[in-house]
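Notes follow the structure.
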Amino acid sequence: MFYYLWTDKDTKEPYIGFVEGNKMHSPYLEKGNRSRMKIMRINPNEDLPTETIDNLLHETLDFYRKGIIK
């Protein structure tokens with residue numbers, strides 16, 4: 001697993017979680033109190049930022065392709 005979709009239990013708003021987010025450096029991701037993962041919050045009242053999501057997914061996949069994560 002390298003990413004997942006979930007909803008925040010307090011706000012009930014969706015987010016995308018990146019399992020190896022601690023290796024990612026993006027202003028769209030927040031770490032919170034997580035040690036390994038970072039999340040990207042999704043505003044349910046706006047269009048999905050598909051280009052940003054696509055870039056983040058490719059960045060994550062590159063960790064596996066390049067052998068940074070096995």
Legend entry - Summed residue charge, Cβ within 11 Å of GLY21's Cβ, Lys/Arg positive, Asp/Glu negative: +2
Legend entry - Integer Hz, Karplus 6.51/-1.76/1.60 couplings in order for region 41-54, x for Gly and Pro: 6, 10, 7, x, 9, 10, 5, 5, x, 4, 5, 5, 4, 4
Legend entry - Anchor LYS12: lysines whose Cα lies under 30 Å away (excluding residues fewer than 8 positions away in-chain): LYS23, LYS31, LYS38
Legend entry - Exposure proxy ranking, count of Cβ atoms within 10 Å, fewest first, for ILE68, ILE42, ILE16: ILE68, ILE42, ILE16
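FYI, it's all coordinate maths here, none of it is from the lab. Everything numeric in this text was worked out from a predicted model, so none of it was measured. Note that we place each Cβ from the backbone using ideal geometry, even for glycine, and neighbour counts take in every protein chain shown.
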